[in-house]
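*Asks:* One structure coming up, written as structure tokens, with questions to follow.
Derivation of every value follows stated rules applied to the coordinates shown; laboratory data play no part. Every value quoted in this text rests on a predicted model; they were computed, and no experiment measured them. Cβ: placed from backbone, ideal geometry, glycine included. Neighbour counts: every protein chain shown.
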Amino acid sequence: MIEIIPALHIKHDKMKHIKFTLFAVFQLLILTGVKAQQSKPAAASNDDRGYTIKVGDQAPDDFELVLTDGTKTSLKKLRGKIVVLQFTASWCSVCREEIPHLENEVWKAFKDKNVVLIGIDRDEPLAKVQKYHQDMHVTYPFALDPGANIFGRFADKKSGVTRNVVIDANGKIIYLTRLYDNNEFNGMVKEIGKLVN
């Protein structure tokens, strides 16, 4: 009888130790998971569609836009105007679907009301961008974006094109679109309409 009690006591202590260890491991896993969620990259925390900027931010303006006709401009030069930057590429079928709507519902509707629309072609050579512009029968200008460096100021370079950034006359971002969604596109047109009135 005397020998059984110490043996039970040892088993009980081991069981307490195992429970404590499991509890500590469980707590560590929870804390690690919380920390991983808190340390998401800025792009993911700002917009799950790949944007690194958000509505209300000042638009990055530390770059020059070289248009397909050789002229140059920048967001700094366009300050005082409402600017729509359309990120596009010739290989993008959704972009091709959206372009006629941009041409008619944004460019033709607002070009005489202090609105500038520029298609920024992602990382394609001049000849290809000029052909794309011609094939799509658009009258608003296209700009080049070698290395997708302009794109990278607004969105993660690993994310896709077919996106529009609407910037007000003071350089503030007021609307963002991704892919071509009728409701989102119509919302953008309404926001531009509010700005021009």
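*Asks:* How big is the stretch 106-194 by Rg and Dmax over its Cα atoms, in Å?
*Replies:* In order Rg, Dmax, the Cα atoms of the stretch 106-194 give 13.6, 37 Å.
*Asks:* Out of the stretch 43-93, which chymotrypsin sites (Phe, Trp or Tyr not before Pro) are coil in DSSP terms and have no more than 12 other C-beta atoms within 10 Å?
*Replies:* Qualifying residues, ordered by number: W91.
*Asks:* I've got another one for you. Spin-label point model (7 Å from Cα, Cβ direction): what's the H101 to K172 distance in nm?
*Replies:* If labels sit at H101 and K172, their model points lie 2.6 nm apart.
*Asks:* To check my understanding: the extent here is largest minus smallest coordinate of the Cα atoms along each principal axis. What are those three numbers for the stretch 44-196, in Å, largest first?
*Replies:* 35, 35, 31
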